[in-house]
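J.: My questions will all concern the structure given below.
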Amino acid sequence: MKRFRMKQPFYIILILALGSACGVFAAVYHIVQLVNNPPLNAFRMILFILLIVLALFLLVLCAGVLVYPYYVVKNGKLYSVMGILHTSYPIENISELTYFKAQGKLVMYMTNDKFLVIMLSESKHEDFMKALREINPQIVYDNKINEND
């Protein structure tokens with residue numbers, strides 16, 4: 001099993017931090033409202049509880065993606081793990097990895113005409129490629145300056 005930490009752009013980190021902060025603020029605000037002004041009917045009580053649960057879900061979702069997102073190569077699959085969000089891609093379906101230097105993006109192409117932008121620092125590309133090629137040696141790696149190259 002090999003792990004590769006995702007490299008996220010600053011604006012994504014900022015959005016996730018703001019989402020986490022909003023989740024904390026909303027949960028605390030609604031808990032304080034619930035304690036200070038107890039609801040007089042069941043509908044308002046359910047509404048407060050749902051708002052608190054949604055705020056906590058926002059916090060868990062954003063904080064999970066922010067704290068430690070990574071890729072894992074194991075059991076013949078590439079796993080993308082971002083907090084509670086998990087996806088997997090069979091490595092035998094990967095046909096090519098292309099690095100577009102001008103955009104700084106590594107794109108993974110699959111045999112079913114799908115593609116995925118891999119968020120890794122450039123220094124990790126070679127190790128990532130080696131890990132994938134251990135399972136599927138037919139993966140092609142290409143460097144391009146831009147899309148027209």
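J.: Identify all residues within the range 115-133 that are of a type outside the set (A, V, I, L, M, F, W, C), touching a strand residue (DSSP E or B) at 6+ places or on another chain (Cβ under 7 Å) and without any contact (Cβ under 8 Å) to a residue 40 or more places away in the chain; write none if there are none.
T.: Matches in the range 115-133: His125 only.
J.: Restricting to the range 81-114, give me the number of residues that are in contact (Cβ under 8 Å) with a residue 24 or more places away in the chain and not hydrophobic (A, V, I, L, M, F, W, C).
T.: The qualifying residues number 8.
J.: Out of everything in the range 56-84 that is of a type outside the set (Lys, Arg), surrounded by fewer than 17 Cβ atoms within 10 Å (Cβ to Cβ) and more than 28 Å from Val28 (Cα to Cα), what residue ends up being nearest to the chain's Cα centre (by Cα)?
T.: The extreme case among them is Tyr70.
J.: Given the structure, is Glu92 within 29 Å of Asn143 (Cβ to Cβ), out of contact with any Ser or Thr (no Cβ under 6 Å at 6 or more places or on another chain), part of a helix (DSSP H, G or I) and not assigned by TED's automatic domain parsing to the domain that holds Lys7?
T.: Yes; evaluated as a whole, the condition is true for this residue.
J.: Would it be correct to say that Cys62 is in a helix (DSSP H, G or I), touching a Ser or Thr at 6+ places or on another chain (Cβ under 7 Å) and touching a residue at least 12 places away in the same chain (Cβ under 8 Å)?
T.: yes
J.: Any residue in the range 1-28 that is in contact (Cβ under 8 Å) with a residue 40 or more places away in the chain sitting within a Cβ distance under 6 Å of a residue that is in a loop (DSSP other than H, G, I, E, B) and of a type in the set (Ser, Thr, Tyr)? List the pairs, counting only those 6 or more apart or interchain.
T.: Lys7/Ser121
The values are calculated or read from the model by the stated rules, or taken from the named source; none is laboratory data. No experiment lies behind these values; they were computed from the predicted model shown. Counting neighbours? That spans all protein chains shown, and the Cβs are built from the backbone with ideal geometry, glycine included.
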